[in-house]
Number of protein chains: 2
Amino acid sequence: MKLTDYRVPLSGGTRGPAALRELVELALSALEVGAARRGGPIPAGGPRALARQFEGVFRYVQDGAEIDEGALPRLAELLAYGSADPADPSCAAHLHGPPLAVAVAADLAVSALNPSLDSWDQAPAATALETALLAELAELVGYRPEEAAGVLTSGGTESNLMGLMLARDHALAGACSVELDGLPAGVRPRIFASEAAHFSIQRAAALLGLGERAVTAVPVDRELRMDVGRLAAALADAVADGARPIAVVATAGTTDTGAVDPLHPIADLAARYGSWLHVDAAYGGGALLSDRLAPLLDGIARADSVALDWHKLGWQPTAAGIFLVRRAETYASLARRAVYLNPSDDEEAGYPSLLGRSLRTTRRADAFKIAVTLRTFGRSGLGRLVDRCHELAHSAAASVRAEPALELHCEPILSTVVFRYRPATADPRVADRVNAELRRLLLREGRAVVGRTELPGTGPGRVRLKLTLLNPNTTEADLAALLKAVVRAGRETDG
Amino acid sequence: MKLTDYRVPLSGGTRGPAALRELVELALSALEVGAARRGGPIPAGGPRALARQFEGVFRYVQDGAEIDEGALPRLAELLAYGSADPADPSCAAHLHGPPLAVAVAADLAVSALNPSLDSWDQAPAATALETALLAELAELVGYRPEEAAGVLTSGGTESNLMGLMLARDHALAGACSVELDGLPAGVRPRIFASEAAHFSIQRAAALLGLGERAVTAVPVDRELRMDVGRLAAALADAVADGARPIAVVATAGTTDTGAVDPLHPIADLAARYGSWLHVDAAYGGGALLSDRLAPLLDGIARADSVALDWHKLGWQPTAAGIFLVRRAETYASLARRAVYLNPSDDEEAGYPSLLGRSLRTTRRADAFKIAVTLRTFGRSGLGRLVDRCHELAHSAAASVRAEPALELHCEPILSTVVFRYRPATADPRVADRVNAELRRLLLREGRAVVGRTELPGTGPGRVRLKLTLLNPNTTEADLAALLKAVVRAGRETDG
């Protein structure tokens, strides 16, 4: 097609869907071809091999008078070939779930219409829809929807940042909205989180200007659950030392074991010290969908703020993060008037504005795919998927226990299994090396994508493998094959 | 379909595309119906009317044993009906562009495969692709691709935040990575930006713990271009006062007029004071695609960091933000080791990690749609679209000048036109009220989505209307009809 004789095919309007039909079919066919060519959870070969293949397809830059209609299928096929596909039962490393087809189709509608939630006149329906969805999610957490508030985020990391930002601004009562040197002398803000809390807590402290060292890492038990006695001692020490405990972060579902910190005792301590309580339920929040697992999160409704993330146990394509606060009036830090987005006379005339809810300005309507998914499956339908992943984890743990070459770290709590291969010698350095290498061997040969992590502490012997089971279509036979591949790779590596 | 007798339809694997084909068709048909029912740029009626319609469709929550397969088409139709559609030539308020169909189809491939860029083993191809795309974009800015670094972001706001975070951490040499009370006494960080700079600069300063008052607003000329003499004076005053100018932000394309601050003189001043230079080219960066307009941004390559945003002049569905730094070694603040994502032995074995590039952990492959678009159209093809929007702005400005009921604020620079309706009386309060109200009248009647803003300063008479022309398919006849609707609404409001 010549560039001179076309109206550009756009995705919106009454004619957009017709233009999309044709292009989407090109993309879908290319995804089929790419997935078949991959033939497994990840392409065989390392990063260098893949980058070389990629270069060949990628290098050509169209810059003449013609449109290159082959670019979409060519690149889509390569993307599919070069993906670690969470829909493959042997791709089970990370909190990286296989999206539901219905959520992906819903997300296409959002891309096509491109609503932006920073002003009503860019997103009339999406504004109403996000507001309604957040009320439902607040209720799921146990908040009173009419008192709560929230926003969709890019994931748990952004939600954790927002919780700590509100904690900082709440505690320092405006001190952080003036110059750094204007802080009252001697204010030493401290954040308390377990040593198994997500690293985004440290990152948030650094970004907020509090410094990573403002985060006190509270020890955990073997399952990576916060030791509440140690939290109590750390809070008392900090206060005695003149520091200010501005926030306590409880983790509801650690990345590795899925452990949920004891929420009620932590809430009691946060209340006693006047600290903001943030619960990072990015992973464990999925338990709220399941009648069987929801009791694990008992106490979450006492949090001042909560992070959820439906790209994990929610089967959404990213981004699908959610940030909620119990009381809307605590959500003050981002209130802002932008004359071109939310002038006061518009608000007086009844035009709502979500600008003050988000760290972003332009913002995609990620709420839509979640709303469609929730309406398609219902809470109970999604709860069954959560339960299925939980069962799969127990089943995998049983197989690990039954296999002498493997060693289970602890019983599954949500849907992960932490374990390791036992090499022939008992040297912990060898165990670490063999486990790290066997995982890379599986990657290199395109056989499996297995997680690798380290237990808290110092010294050798802490490297572990991990299965993160988020694919409800995985079968017990798939798990057996996956563990067999791990054992075989262990033997090859330890040889 | 009963929940008990299905394998959940996922979007990935070899069978995902078949599941998607069916659901995507449901969504596309619903988009057609919804757009036809809307029949204009935005649905008639205000937020309350729409919210009521929405409730009816939204309230029903499926929670039984069946899947509700009607949820997707029902909600997609409502989303389309209730959208402000930038593909309609009368929807011209914001930097909210109509996406190219090819970019939307590419984005579907990303949703389906769900790569996450926080580790190589969640995104082998996407990691290589983002790296290659960023090198191309660095070259477009004039950076040396082998020395530069960058990341995809959620938009200009996140890119501006990252620029100022690096500026803070660079200037305070690690001071911000310890406790607030550990800052050297007397350090008073200051950021300099024009009074027409985006409000995300103030927001970033607050988030970073520097405080909004750390931002000095430098006056602008009538076209909203920074007054460099005033910047020089402000820098000198701040230093004389003992403050530390940690960053200068130049705006390349203000939201309202598209004005580009004088980049070379600003770069000279930043260099003289040892300040980080960040260029916010979220809007104006589009000019780099056009041979005709690129000279406007001459000097941008001297910036330490740059914000671009292809959801504006780039025709991508959000998110499509880009952050670039000239020298990769200045990109240190986010370096972090997460044992489950980028263990050091993986990096030694040649597995690349983009974790330290982003504020996020899980991260969608927004690079893919941009890469496909760039390959489909080439830089020159996209440059023609930029030029067409620029022409449309000049054409609209000529019509405004020719219409006695309207008053042009200044000549278009990129693709916006700032103007106002002249009411019968000369009272500036009346002019403000009439212009604000006529815009809401157009919204309420579903006739047009026109921008409304205010010029810098204080006192009445600053309200202006704005057309942001990002739709290359808009015709001169469309513009004439749009301006006629504005004049008619002005007469109705001023009556």
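Going through (1) in a loop (DSSP other than H, G, I, E, B); (2) over 25 Å from A:PRO343 (Cβ atoms) one by one, A:LEU78 falls short only on (1). Taken together, the criteria exclude B:ALA132 from residues that are without any contact (Cβ under 8 Å) to a residue 12 or more places away in the chain, in contact with a helix residue (DSSP H, G or I) (Cβ under 7 Å, 6 or more places away or on another chain) and part of a helix (DSSP H, G or I). Scanning the stretch A:369-387 for residues that are in a loop (DSSP other than H, G, I, E, B) and polar (S, T, N, Q) turns up nothing.
Do we find that B:THR330 is within 13 Å of chain A (Cβ to nearest Cβ) and among the β-branched types (Val, Ile, Thr) in this structure? Before you say what the answer is, go through the steps one by one.
Details: within 13 Å of chain A (Cβ to nearest Cβ): no; among the β-branched types (Val, Ile, Thr): yes.
Here the answer is no, as B:THR330 does not meet what is asked.
Which of the residues spanning the stretch A:466-490 are of a type in the set (A, V, I, L, M, F, W, C), away from every other protein chain (no Cβ under 11 Å) and surrounded by 16 or more Cβ atoms within 10 Å (Cβ to Cβ)? Steps first, please.
We begin by selecting, within the stretch A:466-490, every residue of a type in the set (A, V, I, L, M, F, W, C); these are A:467, A:469-470, A:477, A:479-483, A:485-487, A:489.
When the remaining residues are screened for being away from every other protein chain (no Cβ under 11 Å), the result is A:467, A:469, A:477, A:479-483, A:485-487, A:489.
Of everything in the stretch A:466-490, those that are of a type in the set (A, V, I, L, M, F, W, C), away from every other protein chain (no Cβ under 11 Å) and surrounded by 16 or more Cβ atoms within 10 Å (Cβ to Cβ) turn out to be A:LEU467, A:LEU469, A:LEU479, A:LEU482, A:LEU483, A:ALA485, A:VAL486, A:VAL487, A:ALA489.
Answer yes if at least one residue in the stretch B:448-458 is modelled with pLDDT under 95 and on the phi > 0 side of the Ramachandran plot, and no otherwise. Yes, because at least one residue in the stretch B:448-458 is modelled with pLDDT under 95 and on the phi > 0 side of the Ramachandran plot.
Within the stretch A:127-145, take every residue that is over 25 Å from A:PRO295 (Cβ atoms) and more than 7 Å from chain B (Cβ to nearest Cβ) and give me the one that is most open to solvent (accessible area, probe 1.4 Å).
We begin by selecting, within the stretch A:127-145, every residue over 25 Å from A:PRO295 (Cβ atoms); these are A:127-132.
Next, only the ones that are more than 7 Å from chain B (Cβ to nearest Cβ) stay: A:127, A:130-131.
On the way: A:THR127: 6, A:GLU130: 2, A:THR131: 78 Å².
Among those that are over 25 Å from A:PRO295 (Cβ atoms) and more than 7 Å from chain B (Cβ to nearest Cβ), it is A:THR131.
Among the conditions (1) crowded, with 21+ Cβ neighbours inside 10 Å; (2) out of contact with any helix residue (DSSP H, G or I) (no Cβ under 8 Å at 6 or more places or on another chain); (3) closer than 21 Å to A:ALA109 by Cβ; (4) without any contact (Cβ under 8 Å) to a residue 24 or more places away in the chain, the only one that B:GLN122 does not satisfy is (3). Would it be correct to say that A:ALA214 is over 23 Å from A:CYS410 (Cα atoms), crowded, with 24+ Cβ neighbours inside 10 Å and small (Gly, Ala, Ser)? When the stated conditions are applied, A:ALA214 passes them.
For the stretch B:84-100, what are the residues that are open to solvent by 10 Å² or more (accessible area, probe 1.4 Å) and in a loop (DSSP other than H, G, I, E, B)? Please lay out each step first, then the result.
Start the filter on the stretch B:84-100 by keeping residues that are open to solvent by 10 Å² or more (accessible area, probe 1.4 Å), which leaves B:87-91, B:94-96.
Answer for the stretch B:84-100, where residues must be open to solvent by 10 Å² or more (accessible area, probe 1.4 Å) and in a loop (DSSP other than H, G, I, E, B): B:ALA87, B:ASP88, B:PRO89, B:SER90, B:HIS94, B:LEU95, B:HIS96.
What number of residues within the stretch B:408-427 are open to solvent by 50 Å² or more (accessible area, probe 1.4 Å) and either not aliphatic (A, V, I, L, M) or not in a loop (DSSP other than H, G, I, E, B) (or both)? Adding up the residues that qualify gives 4. Could we say that B:ALA307 is open to solvent by less than 20 Å² (accessible area, probe 1.4 Å), more than 11 Å from chain A (Cβ to nearest Cβ) and out of contact with any Leu (no Cβ under 7 Å at 6 or more places or on another chain) here? Yes; evaluated as a whole, the condition is true for this residue. For the stretch B:360-373, a residue qualifies if it is more than 7 Å from chain A (Cβ to nearest Cβ) and either under 18 Å from B:PRO98 (Cβ atoms) or open to solvent by 10 Å² or more (accessible area, probe 1.4 Å) (or both), and the qualifying residues are B:ASP366, B:LYS369, B:ILE370, B:THR373. Between A:VAL400, A:VAL372, the distinction of being closer than 30 Å to B:ALA27 by Cβ and either under 21 Å from the mean Cα position of the chain (by Cα) or at pLDDT 95 or above (or both) belongs to A:VAL372 only. Each residue in the stretch A:374-390 was checked for being at the interface with chain B (Cβ under 7 Å from one of its Cβ atoms), of a type outside the set (A, V, I, L, M) and open to solvent by less than 20 Å² (accessible area, probe 1.4 Å), and 5 pass. For the structure I just gave you, tell me whether B:VAL110 is more than 7 Å from chain A (Cβ to nearest Cβ), among the hydrophobic types (A, V, I, L, M, F, W, C) and within 24 Å of A:ALA36 (Cβ to Cβ). So B:VAL110 passes the test.
Residues of the stretch B:211-230 that are closer than 30 Å to A:ASP169 by Cβ, touching a helix residue (DSSP H, G or I) at 6+ places or on another chain (Cβ under 6 Å) and part of a helix (DSSP H, G or I): B:GLU212, B:ALA214.
Of the set (1) open to solvent by less than 10 Å² (accessible area, probe 1.4 Å); (2) at pLDDT 95 or above; (3) closer than 18 Å to B:LEU129 by Cα, all apply to B:LEU355 but (2).
Residues in the stretch A:97-104: is at least one more than 7 Å from every other protein chain (Cβ to nearest Cβ) and more than 21 Å from B:ARG74 (Cα to Cα)? Yes, the conditions are met somewhere in the stretch A:97-104. Summed over the stretch B:57-103, the residues that are out of contact with any Cys (no Cβ under 9 Å at 6 or more places or on another chain), modelled with pLDDT of 95 or more and within 11 Å of B:LEU470 (Cβ to Cβ) give a count of 9. Restricting A:VAL430, A:VAL463, A:VAL450 to those that are within 23 Å of the chain's Cα centre (by Cα) and either closer than 15 Å to B:SER344 by Cα or surrounded by fewer than 18 Cβ atoms within 10 Å (Cβ to Cβ) (or both) reduces the list to A:VAL463. When A:ALA250, A:ALA259, A:ALA303 are checked against the criterion of being more than 15 Å from A:GLY155 (Cα to Cα), in contact (Cβ under 8 Å) with a residue 40 or more places away in the chain and in contact with a Pro (Cβ under 9 Å, 6 or more places away or on another chain), a single residue qualifies: A:ALA250. Starting from residues that are more than 7 Å from chain A (Cβ to nearest Cβ) and in a helix (DSSP H, G or I), keep the ones in the stretch B:7-25 and report whichever is most open to solvent (accessible area, probe 1.4 Å). Filtering first and then ranking leaves B:GLU22. When restricted to residues that are in contact (Cβ under 8 Å) with a residue 40 or more places away in the chain and out of contact with any Leu (no Cβ under 6 Å at 6 or more places or on another chain), the stretch A:385-394 contains 4.
If you go through the stretch A:289-339 and pick out every residue that is among the acidic types (Asp, Glu) and within 18 Å of A:LEU95 (Cα to Cα), you end up with 1.
The values are calculated or read from the model by the stated rules, or taken from the named source; none is laboratory data. Since this is a predicted model, take the numbers as computed values, not measurements. Methodologically, a virtual Cβ is constructed for each residue, glycine included, from the backbone with ideal geometry; neighbour enumeration extends over all protein chains shown. Remember, those area values only see protein heavy atoms, side chains included, never the ligands or the DNA or RNA. Shrake-Rupley method; radii C 1.70, N 1.55, O 1.52, S 1.80 Å.
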